[in-house]
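Peer 1: Below is the structure I would like to discuss, written out as structure tokens.
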Amino acid sequence: MRIAIASGKGGTGKTTIATNLAVILSSQGRPTAYLDCDVEEPNGHIFLNPVISQRRKVTIPVPEVDESKCTHCGACSKACRYSGIIIINQTVLTYPRMCHGCGGCSLACTEDAIREVPRPIGIVEKGESSDRVAFVHGLLDVGEAMAPPVIRAVLEEAPVGHVLILDSPPGTSCPVIESVRTADVVLLVTEPTPFGLNDLKLAVEMVRALGLPFGVAINRVGVGDRKVFDFCERENIPILMELPDDREIARAYSKGKMVTSVLPELRPLFEKLAINLEEIAHGARPKIAPPVEPSQAPVKPPRLPSESLPAGMTHSAPELVVISGKGGTGKTSVVSSFIALARSAVAVDCDVDAADLHLVLNPTVQKRWSFSGGHEARIDETACVGCGTCAEHCRFDAIRLKQNGAITVYEVNPISCEGCGICADICPQEAAEMVPSVNGEWFVSDTSFGPMVHARLGIAQENSGKLVSLVRKEAAAVADLEKRNMIIADGSPGIGCPVIASIAGARMALVVTEPTLSGLHDMKRVAQLTRYFKTKTVVCINKADINSEMADRLERAALALEIPVLGRIPYDPAVTRAQVRGKTVVEIGDSPAAREIRALWERVQEELA
């Protein structure tokens, strides 16, 4: 059985549940393996403490050109849909970080001038915990954009005959799809807050699009409101587990300890969860829901803000990007409060995969556009003769057999297709074609604090980095047109493509972390990324008083990296109360968190200046 643990956003308790469930199953004598597919910010090793016995590099094939054979015909450049290889002035230039490893350029070359060489992008490690849980995790190299190849490598190492616990990345885009699509059952972890409900709805849409059986676990029961429970009841979604809002659970997590060891009374909850998941996995498989297309923009879309700038006008407003390495640290609460305090800034939500900023700023959409980040393959079944050439050369397993009456043809799985175009290039019957894909939509809106630029990536869509770059570019144009003196962006989590697109070229990045071993690990990873892109970086510690000793350790680690710590925000129930009311915490009173965030905002402005 393959059990995927997923969530619309990080920080919901996904890894806590995944690791404890693995230990419980192993203690029952069932061979169990924990696979950490969150290769951008893997945290499972902190709790399982495995002894690593094997390690291997993960590579993707990239082109290497033999100039002595090359005739500079341009066939390779024409075949590459990712701009990974181009020809300028009779010189072939390759861009390995743009390459998806599809092999299209080498297939297109008629002179045998291109060979593929492996380029490392990460590692996979295997081992075993003291609880006899087989362990596999991947680590994407800092600065690399594409997580799916590393996730595939993790899944390839899954031991045979084990119950597999797949700890997936947060969100609903391609890394998550790669992690969960082969699961027998999915557990969606959420919490009873407006943020939790919003992200759960996205995650439910994703698993229904994949046709996967699923249930929900609700963490921190007792905070927030009952709307998550009401949603599950309306949608006939089984709630398989409820974990209470207990400070002892938070302390155990902060120290990297297993919750079921610190609080043995919770063990029956995990035992019952395992039974419930198995029952759902062996039940009737739901039908695959039709894909939900993003709402279409008008036939004639409005003029882009960037198209309205006077000729020669250059971007001038400084941009602050708030990031976290992992979701759930309080990043959006800090960003929304900064926007409320600034009052003259342009707000940008770069978390296009699972946006939450709109829940607090309550924007009114003024203009909207559809977003097309590329193309996807389609096969004309009336022209297909079932030769299988397309499937043979597709490296992403996106082409599958389909019975069309009495004959067998091929079709494209749009969820797996990466738009490389090889099928269209090599089909002898010209039955495959590339068509523009609509990957999402984006908006320019008004809020009570000023303009906001935000977006929604379609479920299971790629090109989130392109969409992030687009909203940042247009936010800069809005700032110039409206003479706003600052841009404040809610950055994407992780260290992959979307967060790279969030921070590249920004004036400063504020890392919001929390006093846990996971927070320490994630802060170091994201700090490596900001250093790689030479982005000025500062840190604040949220919920700092939950574990003061760990907060001190975080501050020492940040200072060792030459990153100033600008503030410590205390744990404050007023933050959740503000979320429930759809407000920023600085609007609802003079709570301890509000006071510290105001002081933090002053320090951030000084650093920006």
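The values are calculated or read from the model by the stated rules, or taken from the named source; none is laboratory data. Quick caveat, the model's predicted, so the values are computed rather than measured. With ideal geometry, Cβ positions are generated from the backbone for all residues, glycine too; neighbour counts draw on all protein chains shown.
Peer 1: Quick check on the range 255-268. Is at least one of its residues of a type in the set (S, T, N, Q), surrounded by 18 or more Cβ atoms within 10 Å (Cβ to Cβ) and either out of contact with any Phe, Trp or Tyr (no Cβ under 9 Å at 6 or more places or on another chain) or assigned to a strand (DSSP E or B) (or both)?
Peer 2: The first filter runs over the range 255-268 and keeps only residues of a type in the set (S, T, N, Q), leaving 260-261.
Then drop every residue that is not surrounded by 18 or more Cβ atoms within 10 Å (Cβ to Cβ), which leaves 260.
Of the ones still in play, those that are also either out of contact with any Phe, Trp or Tyr (no Cβ under 9 Å at 6 or more places or on another chain) or assigned to a strand (DSSP E or B) (or both) are none.
No, the range 255-268 contains no residue that is of a type in the set (S, T, N, Q), surrounded by 18 or more Cβ atoms within 10 Å (Cβ to Cβ) and either out of contact with any Phe, Trp or Tyr (no Cβ under 9 Å at 6 or more places or on another chain) or assigned to a strand (DSSP E or B) (or both).
Peer 1: So, Arg378, is that one surrounded by fewer than 24 Cβ atoms within 10 Å (Cβ to Cβ), charged (D, E, K, R) and on the phi < 0 side of the Ramachandran plot or not?
Peer 2: Values: surrounded by fewer than 24 Cβ atoms within 10 Å (Cβ to Cβ): yes; charged (D, E, K, R): yes; on the phi < 0 side of the Ramachandran plot: yes.
Answer is yes for this residue.
Peer 1: Hey, another quick one. For the range 412-516, please list each of the strands (runs of 3 or more DSSP E) lying entirely inside it that holds at least 2 residues being within 26 Å of Ser308 (Cβ to Cβ) and in contact with a Gly (Cβ under 9 Å, 6 or more places away or on another chain).
Peer 2: Working: elements: 432-437, 440-447, 450-457, 486-490, 508-513.
Result: 440-447, 450-457.
Peer 1: Can you tell me how many residues within the range 46-59 are surrounded by 12 or more Cβ atoms within 10 Å (Cβ to Cβ) and either among the hydroxyl-bearing types (Ser, Thr, Tyr) or at pLDDT below 95 (or both)?
Peer 2: 1
Peer 1: Which of the residues spanning the range 229-254 are acidic (Asp, Glu) and part of a loop (DSSP other than H, G, I, E, B)? Show your work before the answer.
Peer 2: Of all residues in the range 229-254, those acidic (Asp, Glu) come to 230, 233, 235, 242, 245-246, 248.
Of everything in the range 229-254, those that are acidic (Asp, Glu) and part of a loop (DSSP other than H, G, I, E, B) turn out to be Glu235, Asp245, Asp246.
Peer 1: Out of (1) without any contact (Cβ under 8 Å) to a residue 12 or more places away in the chain; (2) more than 27 Å from Pro31 (Cβ to Cβ), the odd one out for Val160 is which?
Peer 2: (2)
Peer 1: Which residues, counting only those in the range 564-596, are closer than 19 Å to Ala551 by Cα and either outside the structural domain of His358 (by TED's automatic domain parsing) or in contact with a Leu (Cβ under 8 Å, 6 or more places away or on another chain) (or both)?
Peer 2: Once the filter is applied, which keeps residues that are closer than 19 Å to Ala551 by Cα and either outside the structural domain of His358 (by TED's automatic domain parsing) or in contact with a Leu (Cβ under 8 Å, 6 or more places away or on another chain) (or both), the range 564-596 yields Val565, Leu566, Gly567, Ile569.
Peer 1: Filter the range 167-182 for residues that are in a loop (DSSP other than H, G, I, E, B) and either under 12 Å from Ala354 (Cα atoms) or within 8 Å of the chain's Cα centre (by Cα) (or both) and give the result. Steps first, please.
Peer 2: Our first condition is that a residue be in a loop (DSSP other than H, G, I, E, B); within the range 167-182, this holds for 168-173, 181-182.
Hits for the range 167-182 are Pro169, Pro170, Gly171, Thr172, Ser173.
Peer 1: Mind checking which residues of the range 392-413 are under 31 Å from the mean Cα position of the chain (by Cα) and loosely packed, with under 15 Cβ neighbours inside 10 Å? Break it down into steps so the answer makes sense when it comes.
Peer 2: Within the range 392-413, the subset under 31 Å from the mean Cα position of the chain (by Cα) is 392-401, 410-413.
Of everything in the range 392-413, those that are under 31 Å from the mean Cα position of the chain (by Cα) and loosely packed, with under 15 Cβ neighbours inside 10 Å turn out to be Glu392, Asp397, Arg400, Leu401, Asn413.
Peer 1: Which pairs do you get when a residue that is in the same structural domain as Glu271 (by TED's automatic domain parsing) and among the acidic types (Asp, Glu), found in the range 237-248, comes within reach of a residue that is in a strand (DSSP E or B) and surrounded by 15 or more Cβ atoms within 10 Å (Cβ to Cβ), reach meaning Cβ atoms under 7 angstrom, with the pair 6+ apart or on two chains?
Peer 2: Listed by first residue and then by second, the contacts come to Glu242/Ile218; Glu242/Val221; Asp245/Arg220; Asp245/Val221; Asp245/Val223.
Peer 1: In the range 153-190, which residue that is of a type in the set (D, E, K, R) and modelled with pLDDT under 95 is farthest from Pro42 (Cα to Cα)? Steps first, please.
Peer 2: Keep residues of the range 153-190 that are of a type in the set (D, E, K, R), which gives 156-157, 167, 178, 181, 184.
Right, trim to modelled with pLDDT under 95 and you get 178, 181.
Numbers: Glu178: 16, Arg181: 19 Å.
Of everything passing the filter in the range 153-190, Arg181 is farthest from Pro42 (Cα to Cα).
Peer 1: Another one. Check every one of the helices (runs of 4 or more DSSP H) wholly within the range 301-408 and list those with 2 or more residues that are farther than 29 Å from His521 by Cα and free of Cβ contacts under 8 Å to residues at least 60 places away in the same chain. Quick ask: steps written out before the conclusion?
Peer 2: On the way: elements: 331-342, 357-361, 389-393.
Per the criteria, 389-393.
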